[in-house]
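Heads up, the thing below is written out as structure tokens.
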Amino acid sequence: MAIKPDIDSRIDDFIAGYTDNVRSGFDRRWASVTPDIYDNRTQECIGGLLSRQAVLTIEMARSPSTWNAHIAPLFLRCMIDGYITLAWILEKPNERSDKYVAYGLGQEKLHIEYMAEALRNDATPYDAENLKRAIEFRRAWLNSQQSDLTTVVNVGSWAGMSTRDMARAIGKESVYKHAYVPFSGAVHNMWQHISMYNLKRCQNPLHKWHFVPGVWRAPTDPHFMYTSAKFTSLSYEAVDAKMKLGCAVVLPEVFLLQHPLFSTDSGNVM
């Protein structure tokens, strides 16, 4: 992979421009949404998920050292999950936003109970003080949203279906098959990922070509950053279509492909 002399300046310019593009795209879209004071939960849910996509892609762009097979899948699996969740909720915003929020509050209540259990059973003096503060903070946050006494803990799937079924329901099963599943291998430390990136064949034939573990860098691959921009753009487009929004800011995917750091018109990428 050819590295051009001005690579550092092009990376800095891309990070600054991309960050501004993603943030401007989000800010301008949401500024055009009329607040619904009688059903703010739906807008909060959709806006929060869209903001999450924007934050993740910006943080990934700011860290080119993450554009490799060790780290990028951790960002991208999360973003793909976020896109499927957002697009599925947008099909029936009111009903599905309520399910999404209720499940999250239930999980928070469960987490608080787990911390309280740890405090009672096996906390060291240092841990005990931190746990007390964490429990107080998180319980106050939960009660600011909904009384913990009325919060129901659901230990099943929040949507009542698998992620694959959600993707199928929005006509994006290919996203599940070709992006969600492959990146899940890295997130869950599965053999297909570990074997490929954390093991190498021993070159001694007397050792029967066994695998040897080691700590190796994976090569930088700009395509990972492109994938992040793509799913941010898909998320923006999904919200635009369902909420009938318009935005003059070019989509992150378009900005990335037109930038000299990635544009094939300006020579080899990076």
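So for the chain, taking the charge dipole from beta-carbon charges (+1 Lys/Arg, -1 Asp/Glu), which of Thr19, Ser235, Ala159 sits furthest toward the positive end?
Ala159
Helices from the chain with mean Kyte-Doolittle at least 1.0 and a Cα length along the axis of 20 Å or more, per DSSP H: which?
Numbers: long enough: 7-31 (35 Å, -0.70); 40-61 (31 Å, 0.14); 72-91 (29 Å, 1.16); 93-121 (42 Å, -0.96); 125-145 (31 Å, -1.08); 223-243 (30 Å, -0.08).
Those that clear 20 Å and a mean of 1.0 are 72-91.
I'd like the Karplus ³J(HN,Hα) series for region 147-155: coefficients 6.51, -1.76, 1.60, θ = phi - 60°, whole numbers in Hz, and an x wherever there's a Gly or Pro.
3J(HN,Hα) across region 147-155, in whole Hz: 4, 5, 5, 9, 7, 9, 8, 10, 8.
Sort Val187, Val22, Val215 by Cβ crowding within 10 Å, fewest neighbours at the top.
Val215, Val187, Val22
Name the shape class, rounded, prolate or oblate, that the alpha-carbon gyration tensor gives for region 57-176, where a ≥ b ≥ c are the square roots of its eigenvalues, rounded holds for a/c under 1.5, and otherwise prolate holds if a/b is larger than b/c and oblate otherwise.
It comes out oblate by the Cα gyration axes.
Could you tell me the distance between the Cα centroids of region 183-219 and region 103-175, to the nearest Å?
35 Å
Shape verdict for the chain, please, from the Cα gyration tensor: rounded (a/c under 1.5), prolate (a/b greater than b/c) or oblate. Numbers along the way, then the final one.
Values: a/c = 1.84, a/b = 1.18, b/c = 1.56.
It comes out oblate by the Cα gyration axes.
As a footprinting exposure proxy, order Tyr100, Tyr83 by other Cβ within 10 Å, with the fewest listed first. If you can, show how the numbers build up before the last one.
Numbers: Tyr100 22, Tyr83 26.
Taking fewest neighbouring Cβ atoms as first place, the list is Tyr100, Tyr83.
Can you tell me the relative contact order of the chain? Whole percent, Cα pairs under 8 Å, sequence separation 6 or more.
Worked out over the chain, it gives 32 percent.
Show me the trypsin sites (Lys or Arg not before Pro) within region 177-225 that DSSP assigns to loop and that have at most 12 other Cβ atoms within 10 Å of their Cβ.
Taking region 177-225 and a limit of 12 other Cβ atoms within 10 Å, the loop trypsin sites (Lys or Arg not before Pro) found are Lys208, Arg217.
Cross-link candidates for Lys109: which aspartates and glutamates have Cα within less than 14 Å, leaving aside residues fewer than 8 places away along the same chain?
Qualifying aspartates and glutamates at Cα under 14 Å: Glu117, Glu136, Asp148.
May I ask which of Lys177/Lys230; Lys99/Lys132; Lys99/Lys242; Lys92/Lys172 have a Cα-Cα span longer than 26 Å here?
Cα-Cα > 26 Å for Lys99/Lys132; rest within.
Assign unit charges at the C-beta atoms only (+1 for Lys and Arg, -1 for Asp and Glu), then state the dipole size of the chain relative to its Cα centre in Debye, rounded to the nearest 20. Each step should come with its number before you reach the end.
On the way: 29 positive and 29 negative charges, 146 e Å.
In debye, rounded to 20, the chain gives about 700.
If we count other beta carbons within 10 Å of each Cβ, what is the order of Trp141, Trp191, fewest first?
Exposure proxy ranking, most exposed first: Trp191, Trp141.
For the modelled label position 7 Å from the Cα of Asn94 along Cα-to-Cβ, which residues of region 162-183 have backbone nitrogen atoms closer than 20 Å?
Within reach of a label on Asn94, which here means backbone N under 20 Å from a point 7 Å along Cα→Cβ, region 162-183 contributes nothing.
What is the spin-label model distance, in nm, from Met161 to His207 if the labels are put 7 Å beyond Cα along the C-beta direction?
4.9 nm
Values quoted throughout were computed directly from the atomic coordinates according to the rules given, and no laboratory measurement underlies them. None of the values given here were measured: they were computed from a predicted structure. Note that each Cβ is placed from the backbone with ideal geometry, even for glycine, and that neighbours are counted across all protein chains shown.
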